[in-house]
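Asker: Mind having a look at this structure? Questions to follow.
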Amino acid sequence: MDDGLGLYINKKVLADAGKAVPTTWEDVSQLAKDLTIKDSDGKIQRSGIALGSANNVDHFSDILALLVLQNGGNPGDPSIVDSNGNNLVGDALTFFTQFEKVDKVWDETLPNSTYAFAIEKAAMILAPSWRAFEIKQINPNIDFEVVPVPQLPGKPVTWASYWAEGVSKTASDPTTAWKFLKYLSTPVVLQKLYTSASNQRLFGEIYPRVDMASQLSTDPYAGAFVKQAPDAQSWYMASNTFDNGLNDEVIKYYQDAVNGLNGDRQAADVLPTLTSGVQSVMQKYQIPTSR
């Protein structure tokens, strides 16, 4: 199966403000400012969107990778510039951190983004599908939906991470095991598993079959992930892999870059260290830096 990122929207907050669901990053940027509420001392009481930090924004690395890929950048080589001399990774880093550093719609005094959304201290977050279960468990009364991630002009780009089932080479009966996996992946069985899980929670495991996508496309929680699958890209910045290896090591360099920008540094200041660090990880694991 695959999972990715969806834009989680507090429906009541948007309805009360008379705002439409955003579809572009420009929309998100403006809406986040419109929905942010601060007290007389300037402390955020409700964030428009949980973005900008690498420390209390869950899945920040997935979000940042999405921004880099949408911008045409190569997360494996942050030094690349376009024909106009713009550093594509640097621009994505700057845009990501502007929500905290410039727009000030989020800061590190707030709780982690998933929890902040669940207790309605954040009007929007970007998160994978499984966070929906956690949010409803924390706050059963919250009224939210999940929509596709915002886009830049041009060809749509979304984000995915992937899970695959397999059979151990030391299995006592691999032939039967593979037949069982094939059986589990048939439409009838997948539907039964989905229905059974949906009786216990918001939705079941999102179908991994293209020929079943239409069955979930209108679901208010799972539908966004099905719709986005054809445009999905991926890279070695998937959060929560706990691999203590490739993903975690690359993410640490990007985390340091974000923290640098949220301090007193600019993108040009952090890019040399980010580039050398990411490329050293890629060389360590013998992976080409080109996409």
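Asker: How do the strands (runs of 3 or more DSSP E) wholly within the stretch 1-57 filter down when requiring 1 or more residues that are under 22 Å from Val102 (Cα atoms) and among the β-branched types (Val, Ile, Thr): which remain?
Answerer: Values: elements: 2-4, 6-10, 44-46.
Result: 44-46.
Asker: Let me ask something else about it. Pick out the one residue from Ala257, Ala238, Ala268 that is over 21 Å from Gln191 (Cβ atoms), in contact (Cβ under 8 Å) with a residue 40 or more places away in the chain, outside any helix (DSSP H, G or I) and among the small types (Gly, Ala, Ser).
Answerer: On the way: Ala257 fails: outside any helix (DSSP H, G or I); Ala268 fails: outside any helix (DSSP H, G or I).
It is Ala238.
Rundown of residues vs (1) over 26 Å from the mean Cα position of the chain (by Cα); (2) within 23 Å of Phe96 (Cα to Cα), yes/no style:
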position	(1), (2)
Phe117	no, yes
Ala122	no, yes
Ile135	no, no
Ile142	no, no
Val149	no, yes
Pro153	no, yes
Ala160	no, yes
Lys169	yes, no
Asn199	yes, no
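Asker: Among the residues of the stretch 129-183, what is the count of those that are among the hydroxyl-bearing types (Ser, Thr, Tyr), over 26 Å from Asn112 (Cα atoms) and in contact with a helix residue (DSSP H, G or I) (Cβ under 7 Å, 6 or more places away or on another chain)? Don't jump to the end; show me each part of the working.
Answerer: Filtering the stretch 129-183 down to residues among the hydroxyl-bearing types (Ser, Thr, Tyr) leaves 129, 158, 161-162, 168, 170, 172, 175-176, 183.
Then drop every residue that is not over 26 Å from Asn112 (Cα atoms), which leaves 168, 170, 172, 175-176, 183.
Narrowing the set further to residues that are in contact with a helix residue (DSSP H, G or I) (Cβ under 7 Å, 6 or more places away or on another chain) leaves 183.
The qualifying residues number 1.
Asker: Pull out all pairs, ordered by first then second residue, where Cβ-Cβ is under 6 Å, the residues are six or more apart or on different chains, the first lies in the stretch 136-152 and is in contact (Cβ under 8 Å) with a residue 60 or more places away in the chain and assigned to a strand (DSSP E or B), and the second is open to solvent by less than 60 Å² (accessible area, probe 1.4 Å) and aromatic (Phe, Trp, Tyr).
Answerer: Phe144/Tyr8; Val146/Tyr8; Val146/Tyr221
Asker: If you don't mind, there's one more thing I want to ask. Among the residues of the stretch 246-269, write down those that are open to solvent by less than 70 Å² (accessible area, probe 1.4 Å), in contact with a helix residue (DSSP H, G or I) (Cβ under 9 Å, 6 or more places away or on another chain) and under 16 Å from Gln283 (Cα atoms).
Answerer: Across the stretch 246-269, the qualifying residues are Leu246, Asn247, Glu249, Val250, Ile251.
Asker: Follow-up. Scan Thr195, Thr273 and give me the residue that is part of a helix (DSSP H, G or I), over 29 Å from Ala132 (Cα atoms) and without any contact (Cβ under 8 Å) to a residue 40 or more places away in the chain.
Answerer: Numbers: Thr195 fails: over 29 Å from Ala132 (Cα atoms).
Unique residue meeting the criteria: Thr273.
Asker: Still on this structure, I have one more. Which of the residues that make up the stretch 105-126 are in a loop (DSSP other than H, G, I, E, B), in contact (Cβ under 8 Å) with a residue 60 or more places away in the chain and either open to solvent by 10 Å² or more (accessible area, probe 1.4 Å) or among the polar types (S, T, N, Q) (or both)?
Answerer: Matches in the stretch 105-126: Asp107, Thr109, Leu110, Glu120, Lys121.
Asker: Moving on. Restricting the first residue to the stretch 4-30 and requiring it to be within 20 Å of Arg131 (Cα to Cα) and among the β-branched types (Val, Ile, Thr), which pairs with a second residue that is open to solvent by less than 10 Å² (accessible area, probe 1.4 Å) and part of a loop (DSSP other than H, G, I, E, B) meet a Cβ separation below 8 Å and a spacing of at least six or different chains?
Answerer: Listed pairs, sorted by first residue: Ile9/Ala123; Val13/Ala123.
Conditions tested, residue by residue: (1) crowded, with 22+ Cβ neighbours inside 10 Å; (2) closer than 20 Å to Gly4 by Cα; (3) modelled with pLDDT under 95; (4) of a type in the set (S, T, N, Q).
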{"site": "Asp62", "(1), (2), (3), (4)": "yes, yes, no, no"}
{"site": "Asp77", "(1), (2), (3), (4)": "no, no, no, no"}
{"site": "Gly90", "(1), (2), (3), (4)": "yes, no, no, no"}
{"site": "Val102", "(1), (2), (3), (4)": "no, no, no, no"}
{"site": "Phe144", "(1), (2), (3), (4)": "yes, yes, no, no"}
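Asker: Turning to a different aspect of this structure: Kindly establish whether Ser129 is surrounded by 16 or more Cβ atoms within 10 Å (Cβ to Cβ), part of a loop (DSSP other than H, G, I, E, B) and not aromatic (Phe, Trp, Tyr).
Answerer: So Ser129 fits the description; yes.
Asker: Can you name the residue in the stretch 154-192 that is touching a strand residue (DSSP E or B) at 6+ places or on another chain (Cβ under 8 Å) and part of a loop (DSSP other than H, G, I, E, B) and is also surrounded by the fewest Cβ atoms within 10 Å (Cβ to Cβ) among such residues?
Answerer: Trp163
The values are calculated or read from the model by the stated rules, or taken from the named source; none is laboratory data. No experiment lies behind these values; they were computed from the predicted model shown. As a convention, Cβ positions derive from the backbone with ideal geometry for all residues, glycine included, and neighbour counts pool all protein chains shown. Please note that ligands, DNA and RNA were not included when accessible areas were found on the heavy atoms of the full protein model with its side chains. Shrake-Rupley method; radii C 1.70, N 1.55, O 1.52, S 1.80 Å.
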